[in-house]
1. Where Lys and Arg each count +1 and Asp and Glu each count -1, what net charge lies around E11 among other residues with Cβ under 13 Å from its Cβ?
2. Can you list residues whose amide H is under 5 Å from K14's amide H, if they're 5+ apart or on another chain and H is modeled 1.01 Å from N?
3. So for V60, V22, V17, fewest C-beta neighbours within 10 Å to most, what's the order?
4. Could you tally the net charge around D33, taking each other residue with its Cβ under 13 Å from the Cβ of D33, Lys/Arg +1 and Asp/Glu -1?
5. For the residue pair E59 and K20, what label-to-label distance in nm results when each label sits 7 Å from Cα along the Cα-to-beta-carbon direction?
6. At 7 Å along the Cα-to-beta-carbon direction for both K4 and T29, put a label point, then send me their distance in nm to one decimal.
7. Cα gyration tensor of the chain, axes a ≥ b ≥ c as square roots of the eigenvalues: rounded (a/c below 1.5), prolate (a/b > b/c) or oblate?
Amino acid sequence: MLGKEIQYLHEGLKPKVEFKAVGHYINMTLRNDGHGHIHAEGEARERLGSNTFLDFEFEVDSATLPEVAHALIEADRPE
């Protein structure tokens, strides 16, 4: 579960999280720099094997992680 992995990243239990979606439409790595920042980088594709894709890289404040983790955990729960 991505939400739990992000929670572990925020708590310092993991130095990085790698996410590879089923079908490989999105691949993303999140790294904690230990100074309050999370570096995200990855690639998103329209479909597997597509030449249309988006490379991305950005940085966020690690204080945002608990809210993101919680939202992902809640979204992953069965209704």
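Values quoted throughout were computed directly from the atomic coordinates according to the rules given, and no laboratory measurement underlies them. All values derive from a computational prediction rather than experimental measurement. For neighbour counting, all protein chains shown are included, and Cβ atoms are generated from backbone atoms with ideal geometry for every residue, glycine included.
1. Numbers: positive: K4, K14; negative: E5.
Charge balance in the 13 Å sphere: +1.
2. Answer set, sorted by chain and number: L9.
3. Placing the least packed residue first, the sequence is V22, V60, V17.
4. Working: positive: K16, R31; negative: E41, E59, D61.
For residues surrounding D33, the net value is -1.
5. 2.8 nm
6. That separation, rounded to one decimal, is 2.4 nm.
7. Numbers: a/c = 2.39, a/b = 1.34, b/c = 1.79.
Taking the square roots of the gyration eigenvalues as a ≥ b ≥ c, the chain is oblate.
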